[in-house]
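Bear in mind these aren't lab numbers, they're just calculated from the coordinates by the rules spelled out. These numbers were taken from a predicted model, which means no experiment stands behind them. FYI the Cβ positions are ideal-geometry reconstructions off the backbone, even for glycines, and counts take in every protein chain you see.
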Amino acid sequence: MIIVLKPDATEAQIDGIRAELARMGLEIRDIQLEGAHILGLIGDTSALSAEALTRFEFVERAVKVSEPYKLAGRRFHPDDSVVETSGGRKIGGGNFAVMAGPCSVESEDQILSIARDVKLSGADFLRGGAFKPRSSPYSFQGLGLDGLELLKIAREKTGLPIVTEIMSQEYADIFGRDADIIQIGARNMQNFPLLRDVGGLGRPVLLKRGPSCSIDELLMAADYILMEGKSQVILCERGIRTFETATRNTLDLSAVPALKKRSHLPVIVDPSHGTGYWDLVFPMAIAAAAAGADGLMIEVHNYPEKALCDGQQSITPVLFDKLMRQLRKLREALREG
Ligand code: PEP
Ligand code: MN
C-alpha cells in the first residue's frame, strides 16, 4: 500500500502515523516524488483499509498495490494447482475434465439414463442438482436429500463421481461425506459462512462466479474456502449479468485467461447457464476449451422439452456425444500446435 501525504502534513502527524504503522509490524519507506511525500508500506496490509486512511486530514490518498486475495493468487503459488478428487480424477495443470448431467435430478430412471449416456461419451463427472436455487419460489425446488441418494445410485452404477450443489450449511456434513465435488452456486458465491463451512470439509469445491461479481471478488471468495486449509477449489465462469438480453447471461470467456493470469486454481466454464440456449452451448464449449479452460460443466437431458429445470439450455445425449468428439479433436490440435 502507498499513502500520499498532503503537502501541509506536519512532522507530528507523520511521526504519529509512522508509529502506528510500525506497531502493526509494517516496514515504512519514504518516497519523494514530484514534490509529494509518499509512505510505501511493506508487509501484510490486509487489515488496513485505504478508504479509512483517507479520513486522516493529512492523507491525500491511500492505494493498495497488492491483490486483495492471497491464497488463490499466483504471487505465492506460481505453479498451476491440480485438484484431485475421489476416484483419482484430476482437474487442472493439463488435466481437462467434463462434468455433465441434468440441471436437476428428477427420478432414478432419468438420472441413470443420463449418467450412462454421458459416461459412454467420455464425461469425467456426473453433475445434477438435488437442492435447486430457483429464482421463483413456485418453481421445482429439487428432490433434496432424496435427489442426493439417486446421485449416489448413479455413481455406484456408472463409476462417475458426482458434483452437486450445496445451498445450506445445515447439510455440510452430508455433502462432505457424499459429494465428490461440492458445488457452490453463483447465488451463494458471497455466502461467506457457507464458504467457510465447505472449506473445512476437505472435499474439492467448485465455486461458481456470482452473476454480478468481478474476478477479484471471485478470487476473494475462493480465499474464504482456502483459508480453512482443507479443501481445494475449482473456479467456474458461468456468465454474468449485462445489458444484453439475447442470451440468459453474458458468458465472459476472457475470464478464463484473466483468472489464469492471477490465480493458480483450475478454471472451468459452464456454457449452459452462460448462454441459456441449447444451440449456443456447443460453440461456446469449444471456444472455452480453446481459451484454455481446464474443463466444462454441461447440462444434458434425455428429454429437454420435459425437463423440470433449464430444459431450454440442456443439450441431448446425442449432441453431447458429438461435442465430446469435437473436444477431443480440438485438444489434440492444441497439443500439436
Ligand atoms: C446449476 O449449476 O444448476 C446452477 C444453478 O448454476 P448457477 O449457480 O451457475 O446458476
Ligand atoms: Mn441449471
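Treating the beta-carbon of each Lys and Arg as +1 and of each Asp and Glu as -1, no other charges, what is the dipole magnitude of the chain about its Cα centre, to the nearest 20 debye? Display every interim value, and only then the final one.
Numbers: 40 positive and 45 negative charges, 156 e Å.
The dipole of the chain has a size of about 740 debye.
For segment 1-56, a crude dipole built from +1 on the beta carbon of Lys and Arg and -1 on the beta carbon of Asp and Glu, taken about the Cα centre, is about 100 debye to the nearest 20. Can you give me the C-alpha center-to-center distance between segment 204-219 and segment 87-160, rounded to a whole angstrom? That distance is 21 Å.
Extension gain for Ile28 to Val318 (0.36 nm times residue separation, less C-alpha to C-alpha distance): 98.1 nm. For the peptides 318-328, 23-33, the ranking by packing is 318-328, 23-33, with the highest mean count of neighbouring Cβ atoms within 10 Å listed first. With a Förster radius of 56 Å applied to the beta-carbon distance between Lys90 and Val63, the computed FRET efficiency rounds to 0.90. Each of Pro304, Ala246, Ile17 was scored by the projection of its Cα onto the charge dipole of the chain, and the greatest displacement toward the positive side belongs to Pro304; charges sit on the C-beta of Lys, Arg, Asp and Glu. The charge dipole of segment 196-337, taken about its Cα centre with unit charges on the Cβ of Lys, Arg, Asp and Glu (plus for the first two, minus for the last two), comes to roughly 300 debye.
Between rounded, prolate and oblate, where does the chain land on the alpha carbon gyration tensor, with a ≥ b ≥ c its root eigenvalues, rounded for a/c under 1.5, else prolate if a/b exceeds b/c?
On the way: a/c = 2.40, a/b = 2.14, b/c = 1.12.
Note, shape of the chain comes out prolate.
With the charge dipole of segment 83-336 set up from +1 on Lys and Arg Cβ and -1 on Asp and Glu Cβ about the Cα centre, the Cα lying farthest toward the positive end among the listed residues Leu195, Val98, Ala258 is that of Ala258.
Within 10 Å of each candidate Cβ there may be at most 14 other Cβ atoms; applying that plus a DSSP loop requirement, which GluC sites (Glu not before Pro) in segment 236-337 survive? Present the calculation step by step, with values, prior to reporting the outcome.
On the way: sites: Glu237, Glu244, Glu299, Glu305, Glu332, Glu336; in loops: Glu244.
For GluC sites (Glu not before Pro) across segment 236-337 that sit outside H, G, I, E and B with at most 14 neighbouring Cβ atoms in 10 Å, the list reads Glu244.
Between the residues Met220, Tyr277, Gly129, the greatest Cα displacement towards the positive end of the dipole of the chain, with unit charges on the Cβ of Lys, Arg, Asp and Glu, is found for Tyr277.
Taking only DSSP H segments of four or more residues, each worth -39500 (n - 2.57), what value at 222 nm results for the chain once the sum is divided by all its residues, to the nearest 500 deg cm²/dmol? Mind dumping the intermediate values first?
Working: 11 runs with 118 residues, N = 337.
My calculation for the chain gives -10500 deg cm²/dmol from helical runs alone.
Taking the mean number of other Cβ atoms within 10 Å as a proxy for protection, how do you rank 69-81, 156-168 from highest to lowest? Show your work: numbers first, answer last.
Numbers: 69-81: 15.7, 156-168: 20.2.
Per-residue mean Cβ counts within 10 Å order the peptides as 156-168, 69-81.
Provide the gained length on full extension for the span Thr10 to Arg134, in nm with one decimal, where the gain is 0.36 nm per separating residue minus the Cα-Cα distance.
Working: separation 124, 0.36 × 124 = 44.64 nm, distance 5.76 nm.
Length difference between fully extended and current span is 38.9 nm.
With a simple spin-label model that places each label point 7 Å from the Cα along the Cα-to-Cβ direction, the separation between Asp79 and Ala50 comes to 3.3 nm. For the chain, Cys213, Cys236 stand unpaired, since no other cysteine beta carbon lies under 4.7 Å from theirs.
Using only the Cα atoms of segment 155-253, build the gyration tensor, take square roots of its eigenvalues as a ≥ b ≥ c, and label the shape rounded, prolate or oblate: rounded if a/c is under 1.5, else prolate if a/b is larger than b/c, else oblate. Oblate.
List Phe243, Phe282, Phe131, Phe125 from most exposed to least, where exposure is judged by having the fewest other Cβ atoms within 10 Å. If you can, show how the numbers build up before the last one.
Details: Phe243 5, Phe282 18, Phe131 22, Phe125 25.
Listing Phe243, Phe282, Phe131, Phe125 from fewest to most nearby Cβ atoms yields Phe243, Phe282, Phe131, Phe125.
Hey, could you get me the Stokes-Einstein D for segment 2-63, Kirkwood radius over alpha-carbon pairs, 10 °C and 1.306 mPa s, rounded to whole µm² s⁻¹?
Rounded to a whole number, D works out at 136 µm²/s.
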